[in-house]
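The values are calculated or read from the model by the stated rules, or taken from the named source; none is laboratory data. The structure presented is a predicted model; accordingly, all values stated were derived computationally and were not measured. When we count neighbours, we look across all protein chains shown, and the Cβ atoms used for this are built from the backbone with ideal geometry, even at glycine. Ligands, DNA and RNA are excluded from the accessible area calculation, which covers all protein heavy atoms including side chains. Shrake-Rupley method; radii C 1.70, N 1.55, O 1.52, S 1.80 Å.
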Amino acid sequence: MGGCGGSLIAPGVVLSAAHCGSFVGTRVNVGGYEWDELTGGAKRVLVVDEARHPNYNTATVENDFLLLRLE
């Protein structure tokens, strides 16, 4: 995710930071990851939708939340 990370908070839902950008249409690593290598059963999964916090402020980075829905 371009140096950004996230946490799987529900099946098929990742919580990340809004300042990291958009990920719809890209594949993200879910599970163990070590320097350019998937480990421990990790998978690359397509991001099909995303939602930023409605009050995210790019100037102050307040409400810096992004939800990603995975395929």
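If R0 is 35 Å, the Cβ-Cβ spacing of residue 56 and residue 36 corresponds to a FRET efficiency of close to 0.70. The mean accessible area for residues of the chain, using a 1.4 Å probe and ignoring ligands and nucleic acids, is 67 Å² per residue. Over the C-alpha atoms of the chain, the Rg to Rh ratio, Rh being the Kirkwood estimate, stands at 0.98.
The mean sequence distance of close C-alpha pairs (under 8 Å, at least 6 residues apart), as a share of the length of the chain, puts its relative contact order at 33 percent.
Cβ-Cβ distance of residue 44 and residue 15, R₀ of 22 Å, FRET efficiency by 1/(1 + (r/R0)^6): the value works out to about 0.75.
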